[in-house]
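Q: Take this structure first; my questions come after.
The values are calculated or read from the model by the stated rules, or taken from the named source; none is laboratory data. Here the structure is a predicted model, which is why all the values come from computation and not from measurement. Please note: Cβ atoms are built from the backbone with ideal geometry, for glycine as well, and neighbour counts cover all protein chains shown. Quick note on the areas: whole protein, heavy atoms, side chains included, nothing else; ligands and nucleic acids left out. Shrake-Rupley method; radii C 1.70, N 1.55, O 1.52, S 1.80 Å.
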Amino acid sequence: MPDFSTGFTGNAAARARPYGQWLAAATLVLLAALFGWLLIDVIIRGFGSLSWEFISSAPTDAGRSGGIWPVIVASLATLAVCMAAVLPIGLGSAALLSGVFGAPRSSLGQRAVNGCRQSLDILAGVPSIVFGLFGNAFFCLYLGMGFSILAGGLTLACMVLPYFIRTAEHALRSAATTHLAGSLALGLRHSTMLRRILLPAALPGLFAGFVLALTRALAETAALLFTSGYVSRMPESLLDSGRVLSVHVYDLAMNVTGGEAQAYSTALVLIITLAVINVLVALLGHYWQQKLNGAPQ
Amino acid sequence: MNNSTSLASSALANTALRHSPKGHDRWLFLLVRLCALLAAALLLLIVAFVATESGQAIQALGARLFTDSGWFPGADASGQFNLTPMIVGSLLVALLAMAISLPIAVASVLFVHSCSQPWLVIAYRRAIELLAGIPSVVFGLWGLVVIVPLLGQLQAPGTSILAGALVLALMILPTIALLADSALRAVPNELRLGGLALGLSPWRVVLRIQLLQARSGVIAGAILGLGRALGETMVVLMVCGNVVQLPTSIMQPIRTLTANIALEMAYAGGLQRSALFVSGLLLIALVVALIWSAHRMGRGYA
Amino acid sequence: MNKAILAESCECEPALQISGLGVTYGNQIALKDVSLTIEAGSITAIIGPSGCGKSSFLACLNRMTDLTAHCATTGNVELDGVDILGDAFRKPAQAAALRRCVGMIFQKPNPFPLSIAENIELGLKEHGVTDKAERREKATAALQAVGLWEEVQHRLGETALTLSGGQQQRLCIARAIALEPKILLMDEPCSALDPIASQRVEQLIAELRGRYTVVLVTHNLAQARRVADQTALFWNHGNGGELVEVAATSLLFNQPREAITKAYVGGECC
């Protein structure tokens, strides 16, 4: 049997005891334990009062009893407003930034594109409470929307727009790398090219961006505190104030003594919704990728 | 020569004109530019509105915003408007959270990469991506119900800088880990293989070669994580106690800039409202400075 | 009516007169001072080592240079007496009409992620063939012309990405010739294909002689020798590609005038 030992005993000793690696492994275990603690805590405490009644009835006694149905409706309405604003503006901006319409011809155009990118980068880092301040001053007061689902949804739209644009830009850019030259060489118009080739090819990426924006919006609390408001009645129009799930969690936990159990249940609903969206997206993404790669049916 | 290049006389040019699209594309070009303009103008709009609203307080109070004897705000200048305790509180909580979070995040990423198991790296990445999506209010709730009572057993009341920092650290951990992971992923595989070919252990390769190459990305990630911690509202609002004071120990409650806005915005008017917008402006300035320095670190992971 | 649009368009003598053509990317010169005449219905091969400006030259002939940032051209490319590098063709609609008359085939086959039939019919629809049956008829004819019809007639609805590389490249050629262009530009169309597929595409190019003016960039000298009527050698002496020599193919290969040509076609350098 050959002997591969080098005789560098010092080195071999150091190699035999990678303390650092053990420590690093320990941090991974710690990380898993902490998040496990958090999630299990929410599941155990939240599961108690979770029932179909809870989902489908209105809150009573300031939320200590009853359910969250109006809160779910308000959340859905806020998200719908948000995504309805994000999609067209985001798609348009992403199409321009991704270079589908060609590189900017003048240095002014180039500077405008760079400026747009930098501004979006900073926008992605602006604290959500600042979006709340802005939404309150601009949508609620300046545009006269008051505390409303409309104002809240539009505030969220400002906040998640950069996430959507960044993902969509990336998806369109990689679709363009493959198909832009081919399309132009056939003399296709940009409208045809986008509609028939680039948008379908970029669809998985666009969808991922959509979902990222959606989940960020769903998780947000601070930006909504003083834009869409606290009212937990069933909203009757988009101009009504409405309380979303995360604000409901906050309010029950902080402002309602004895609201903890219901706060946990609402938090669990929120987390389950997010998890389901993510799992669905992963499955759908897998299916799409196969379809796009032309795997035989 | 002139005659032959004149477009109107050429059959090719006629073709070109006949096929000119029915205004369809031109509208699309315009629309797309408009969208991008709107997106780019959003930041300016936000800064403009926040600055306009804070104008009243800055004009009426000036340096008093940092030198007054405390925070007892009112609608007119007779109140006291010192933002300093809140600024100190924000910085303390965020820096402490960063100090806890960064080593754990980086060490766990390094370990995962050192195992050379593709499935582990992918599973880790998926898990971290999912955890990064947990709403901050859920962290706040957990902190309020679980962590604060635990710390309260050590020293009452439990709502404190430490409570905020611990929960915040957990919240920003996935963000830092994701950015560290992308920085490590960007290191060319040849470097790793080269190290392994010299007989170095995978751990050593990750630590001495990959981390060294990826350090600017890791630092950029840390800076952006700090930005998230500074800008976070719900966690600090729920677990830090919201007492306006300059703390002398990390077991004392404090109030941050963000929590202050969330607490008082609902009923504030006049100078008080304007002073809250000043704190918004301060937050924007802090974040812009952080993002700018993260970009300076060489990678645009903002 | 629709038939008429496609039939009467591109009424031009497909001869190219290139004079003083130069291409720069920012400060970098890619090509300078190329003058060349390409006759209608002929096959012209462009040969030369990598980085000699072959592809840049080709990109000028249908204004694909517009896609590249900081890319500027000088000189003239006259198609039937009209300078296609003129500002009039910068407009997207004019550029689109030009590119419909001057088709292009790329190095890597790039079919759209659509069905085989749609790949061809999309361009036809765009250029005014509104009748569905007529589009299908023209697509069939184009597939027959590239010898793909037998292979794909029963699966026209399947995605084009299921085709093999060689089939994809022939589909791309069919996609271009369905638009009834006058000129076809081919940028190393065989270099991403295996030898058998490559031979099939090369044979197809030879069959196109007379019906289309073909400009073929290739790094395969034997291929140029087999299919081209005229061959041009480009060379980069370190400050941008230049035209070294252009001649009838047999002349260029057998009696080169320039020393570089002699060395290059003789395989003595690179």
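Q: Alpha carbons only, please: Rg and Dmax for the stretch B:24-84, in angstrom.
A: 20.2, 64
Q: Can you give the translational diffusion coefficient of the stretch A:144-276 in µm²/s, computed by Stokes-Einstein from the Kirkwood radius over Cα pairs at 37 °C and 0.692 mPa s?
A: Roughly 190 µm²/s, to the nearest whole number.
Q: Moving to a separate point now. Could you work out the local net charge near A:Val86, counting Lys and Arg as +1, Asp and Glu as -1, over the other residues with Cβ closer than 14 Å to its Cβ?
A: 0
Q: Regarding the stretch A:52-293, what whole-number volume in Å³ per residue does the convex hull of its Cα atoms give?
A: 135
Q: Could you list which residues have their amide H under 5 Å from that of A:Gly66, counting only those 5 or more apart in sequence or on another chain, with H placed in the peptide plane?
A: A:Thr60
Q: Computed over the Cα atoms of the stretch C:120-270, what is the ratio Rg over Rh, Rh following Kirkwood?
A: Checking Rg against Rh, the ratio lands at 1.06.
Q: Under a point spin-label approximation (7 Å from Cα along Cα-to-Cβ), what is the C:Trp149-A:Ala32 distance to one decimal in nm?
A: 6.3
Q: Please check the stretch B:22-61 for residues whose accessible area, probe 1.4 Å, is lower by 50 Å² or more when all protein chains are in place than in their chain alone.
A: Going by heavy-atom accessible area, the residues of the stretch B:22-61 that drop by at least 50 Å² are B:Asp25, B:Leu28, B:Phe29, B:Val32, B:Cys35, B:Ala36, B:Ala39, B:Leu42, B:Leu43, B:Ile46, B:Phe49.
Q: Give me the mean projected area, in nm² to one decimal, of the convex hull enclosing the Cα positions of the stretch B:118-181.
A: 4.9
Q: Going by amide H atoms built from the backbone, whose H comes under 5 Å of the H on C:Ala45, apart from near neighbours?
A: So C:Ala45 has HN proximity to C:Leu216, C:Asp229, C:Gln230, C:Thr231, C:Ala232.
Q: From the helices alone, meaning DSSP H stretches of at least four residues, give me the mean residue ellipticity at 222 nm for chain C, per-run term -39500 (n - 2.57), in deg cm²/dmol to the nearest 500.
A: Helices in chain C give a 222 nm mean residue ellipticity of -10500 deg cm²/dmol.
Q: Using alpha carbons only, what's the Rg to Rh ratio of the stretch B:40-116 with Rh from Kirkwood?
A: Taking Rh as the inverse mean 1/r over Cα pairs, Rg/Rh reads 1.26.
Q: Rank these by accessible area, largest first, 1.4 Å probe: C:Lys132, C:Lys54, C:Lys138, C:Lys182.
A: Per-residue accessible area, sorted high to low, gives C:Lys132, C:Lys182, C:Lys138, C:Lys54.
Q: Considering only protein heavy atoms and a 1.4 Å probe, what is the carbon-and-sulfur percentage of the accessible area of the protein assembly as shown?
A: So the carbon and sulfur contribution to the accessible surface is 61 percent.
Q: Mind listing the phi-derived Karplus ³J(HN,Hα) values for the stretch A:264-272, rounded to whole Hz, using 6.51, -1.76 and 1.60 with θ = phi - 60°, and x for any glycine or proline?
A: Taking θ as phi minus 60°, the curve returns 5, 4, 5, 4, 5, 4, 4, 5, 4 Hz for the stretch A:264-272.
Q: Taking the Cα centre of the protein assembly as shown as origin and charging only Cβ (+1 Lys, Arg; -1 Asp, Glu), how large is the dipole, in debye to the nearest 20?
A: 580
Q: Give me the extension gain from B:Trp292 to B:Leu34: residue separation times 0.36 nm, minus the current Cα-Cα distance, reported in nm with one decimal.
A: Value of the extension gain: 90.2 nm.
Q: Given the C-alpha centroids of the stretch B:243-281 and the stretch C:46-65, what is the distance between them in whole angstrom?
A: 64
Q: Between B:Arg126 and B:Ala99, take the C-beta separation as r, use R0 = 35 Å, and let me know the FRET efficiency to the nearest 0.05.
A: For B:Arg126 and B:Ala99, the calculated efficiency is 0.80.
Q: Taking the 0 to 90 degree range and rounding to the nearest ten, how far is the long axis of helix C:92-101 tilted relative to the main principal axis of chain C, both from C-alpha atoms?
A: The angle comes out near 90 degrees.
Q: Per residue of the stretch C:65-79, in order, report the coupling 6.51 cos²θ - 1.76 cosθ + 1.60 (Karplus, θ = phi - 60°) as ³J(HN,Hα) in whole Hz, putting x for Gly and Pro.
A: Each residue of the stretch C:65-79 in turn: 4, 4, 6, 8, 5, 6, 8, 10, 10, 10, x, 10, 10, 9, 10 Hz.
Q: Here's something else I'd like to know. What does the charge count around A:Ala58 come to, taking other residues whose C-beta lies under 14 Å from its C-beta (Lys +1, Arg +1, Asp -1, Glu -1)?
A: Around A:Ala58, the surrounding residues sum to 0.
Q: What number, in nm² with one decimal, is the all-direction average of the projected area of the convex hull of the alpha-carbon atoms of the stretch A:134-196?
A: 5.9
Q: Given 37 °C and 0.692 mPa s, how large is the Stokes-Einstein diffusion coefficient of the stretch B:80-297 in µm²/s, with Rh as the Kirkwood radius over Cα pairs?
A: The diffusion coefficient I find is 176 µm²/s.
Q: Determine the distance separating the Cα centre of the stretch A:151-217 from the Cα centre of the stretch C:168-216; give it in Å without decimals.
A: That distance is 33 Å.
Q: Right, another one. When the dipole is taken about the Cα centre of chain C, and only Lys, Arg (+1) and Asp, Glu (-1) are charged at their Cβ, what size is it in debye, to the nearest 20?
A: Roughly 340 debye for chain C.
Q: Between B:Ala63 and C:Thr37, how many nm apart are label points set 7 Å from Cα along the C-beta direction?
A: The modelled label-to-label distance comes out at 8.5 nm.
Q: Roughly how large, in nm² to one decimal, is the mean projection of the convex hull of the alpha-carbon atoms in the stretch A:164-232?
A: 6.1
Q: Please compute the modelled spin-label separation between C:Ser19 and C:Lys91, points set 7 Å along Cα→Cβ, answer in nm with one decimal.
A: 2.6
Q: Additional query: Which ³J(HN,Hα) values in Hz, rounded to whole numbers, follow from the phi angles of the stretch A:90-107 under the Karplus curve 6.51 cos²θ - 1.76 cosθ + 1.60, where θ = phi - 60° and Gly and Pro get x?
A: Per residue, the Karplus-derived 3J(HN,Hα) values read x, 4, x, 5, 5, 4, 5, 5, 6, x, 4, 8, x, 6, x, 8, 10, 5 Hz.
Q: Expressed in whole Å with the largest first, what are the equivalent ellipsoid semi-axes of the protein assembly as shown derived from the C-alpha gyration tensor as the square root of 5 times each eigenvalue?
A: 60, 33, 26
Q: Within 10 Å of each Cβ in peptide A:114-123, how many partner chain Cβ atoms are there on average? Round it to a whole number, please.
A: Mean inter-chain Cβ contacts per residue within 10 Å come to 6.
Q: Just list whichever of C:Lys54/C:Lys138; C:Lys182/C:Lys262; C:Lys32/C:Lys138; C:Lys32/C:Lys91; C:Lys108/C:Lys138 have alpha carbons separated by over 30 Å in the model shown.
A: The answer is C:Lys54/C:Lys138; C:Lys182/C:Lys262; C:Lys32/C:Lys138.
Q: Could I ask something else about it? Output the peptides B:204-217, A:127-140, C:146-159 sorted from most to least packed, where packing is the average of other Cβ atoms within 10 Å over each peptide's residues.
A: Output ranking for B:204-217, A:127-140, C:146-159: A:127-140, B:204-217, C:146-159.
Q: Let me ask you something else. At a Förster distance of 35 Å, what's the computed FRET efficiency of C:Glu258 paired with C:Glu207, Cβ-Cβ distance as r, to 0.05?
A: 0.65
Q: Shifting gears a bit: For the stretch C:1-124, take N as its residue count and report Rg(C-alpha) divided by 2.2 N^0.38 Å.
A: 1.15
Q: A further question on this structure: Whole percent per 5 Å bin, from 0 to the bin with the longest distance: what is P(r) over all C-alpha pairs of chain C?
A: Answer for chain C: a P(r) of 1, 6, 13, 17, 18, 17, 13, 9, 5, 2, 0, 0 percent.
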